[in-house]
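Worksheet: one structure, shown below.
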Amino acid sequence: MTKNQRHRPFVFVTFAMPVDGQVTTKHLAPVDFTSRKDKLHLFRQRALADAVLIGHTSLRRDNVRLGLPAELQEARTKRGQLRCPLRVIVSNKGRIDDRLKIFQSDVSPIIIFSTKRMPRKNREALKKKAILHLTGAQCVDLSRMLKELHDQYKVRTLACEGGPTLFRALLEQGLVDQLNLTIAPYLFGGAQAPTLTGLNKEFLPASAHGSLIKMRMIGEECFLIYRIKRQRSRRN
Ligand SMILES: NC(=O)c1ccc[n+]([C@@H]2O[C@H](COP(=O)([O-])OP(=O)(O)OC[C@H]3O[C@@H](n4cnc5c(N)ncnc54)[C@H](OP(=O)(O)O)[C@@H]3O)[C@@H](O)[C@H]2O)c1
């Protein structure tokens with residue numbers, strides 16, 4: 001059985017990091033350490049997907065719209081797709097500010113997966129701008145979320161754009177199929193700054209094993225694509 005027959009989308013995650021691995025600063029400030037080529041790479045990956053997924057902290061910190069440049073929108077329209085992928089936000093607490101830039105842009109529908117912990121004030125404001133899926137559980141069940149995206153919204157490919165907390169949660173549940181990683185030629189240091197899998201000091205419950213399927217050098221950056229093959233339980 002292929003992964004798409006498992007009633008969830010193919011999930012690919014795109015990150016950029018310096019050589020020593022931190023994806024942001026210890027204050028989670030927006031960072032800009034990659035080239036224009038890398039930014040275009042991120043857009044191109046996003047343009048391939050039926051939906052793009054982001055964790056609430058990255059959305060809040062980076063205040064991104066998750067749209068696409070005009071030429072990539074046009075190419076999608078010619079292929080019979082929506083001009084931009086569906087935009088999906090995940091948050092447990094649901095305290096999402098409806099004044100964020102994403103809500104000022106109507107390039108594609110916005111879908112929020114959160115919980116009934118979302119305050120009424122946020123719920124009232126957000127339901128005018130997004131489709132809300134609120135579970136009665138304490139946390140969003142990511143596996144169920146992917147199934148709903150697959151079954152209700154026909155999402156077959158999902159581009160996850162982080163951040164590390166969300167990436168780790170997906171990895172822990174074996175829900176990542178591909179990692180696109182740009183390595184930029186910097187070393188920043190900073191043990192308190194999150195790496196790809198965040199600040200959690202614990203090992204993953206099962207190691208993720210990536211198979212390198214593509215490697216390109218453009219300028220001084222290295223663009224890697226790993227297919228996540230399988231995850232093995234740790235013994236230590
Ligand atoms: N270098 C890169 O390529 C790159 C890429 C992406 C992001 N970043 C950086 O990463 C930083 C943010 O990362 P982060 O790890 O702190 O946060 P994050 O993963 O973006 O978002 C974490 C938040 O998402 C929600 N969330 C995460 N897992 C969830 C789950 N299983 N179920 C439901 N909701 C879940 C929760 O929101 P609530 O708190 O609302 O419950 C959680 O607090 C930013 O500084 C950003 O710039 C860097």
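Values for this structure:
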{"quantity": "Lone unmet requirement of (1) hydrophobic (A, V, I, L, M, F, W, C); (2) in contact with a helix residue (DSSP H, G or I) (Cβ under 9 Å, 6 or more places away or on another chain); (3) touching a residue at least 60 places away in the same chain (Cβ under 8 Å) for LEU132", "calculated": "(3)"}
{"quantity": "Considering residues of segment 7-24 that are out of contact with any Pro (no Cβ under 9 Å at 6 or more places or on another chain) and over 18 Å from ALA169 (Cα atoms) only, the residue farthest from the ligand (Cβ to nearest atom)", "calculated": "HIS7"}
{"quantity": "Any hit, segment 169-188, residues being buried (at least 16 other Cβ atoms within 10 Å of the Cβ), small (Gly, Ala, Ser) and outside any strand (DSSP E or B)", "calculated": "yes"}
{"quantity": "Tally of residues being surrounded by fewer than 17 Cβ atoms within 10 Å (Cβ to Cβ) and either within 16 Å of TYR226 (Cβ to Cβ) or out of contact with any His (no Cβ under 7 Å at 6 or more places or on another chain) (or both) across segment 135-152", "calculated": "9"}
{"quantity": "Qualifying residue in segment 84-100 (condition: of a type in the set (D, E, K, R) and crowded, with 18+ Cβ neighbours inside 10 Å)", "calculated": "yes"}
{"quantity": "Residue that is of a type outside the set (Asp, Glu) and either in contact with a strand residue (DSSP E or B) (Cβ under 6 Å, 6 or more places away or on another chain) or modelled with pLDDT under 95 (or both), where the choices are ALA51, ALA75", "calculated": "ALA51"}
{"quantity": "Lone unmet requirement of (1) within 28 Å of THR197 (Cα to Cα); (2) more than 10 Å from the ligand (Cβ to nearest atom); (3) surrounded by 16 or more Cβ atoms within 10 Å (Cβ to Cβ) for THR57", "calculated": "(2)"}
{"quantity": "Criterion violated by ALA206 - all others in (1) modelled with pLDDT of 95 or more; (2) touching a strand residue (DSSP E or B) at 6+ places or on another chain (Cβ under 6 Å); (3) of a type in the set (Gly, Ala, Ser); (4) surrounded by fewer than 19 Cβ atoms within 10 Å (Cβ to Cβ) satisfied", "calculated": "(1)"}
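The values are calculated or read from the model by the stated rules, or taken from the named source; none is laboratory data. No experiment lies behind these values; they were computed from the predicted model shown. Here Cβ is always computed from backbone atoms with ideal geometry, including for glycine, and neighbour counts include all displayed protein chains.
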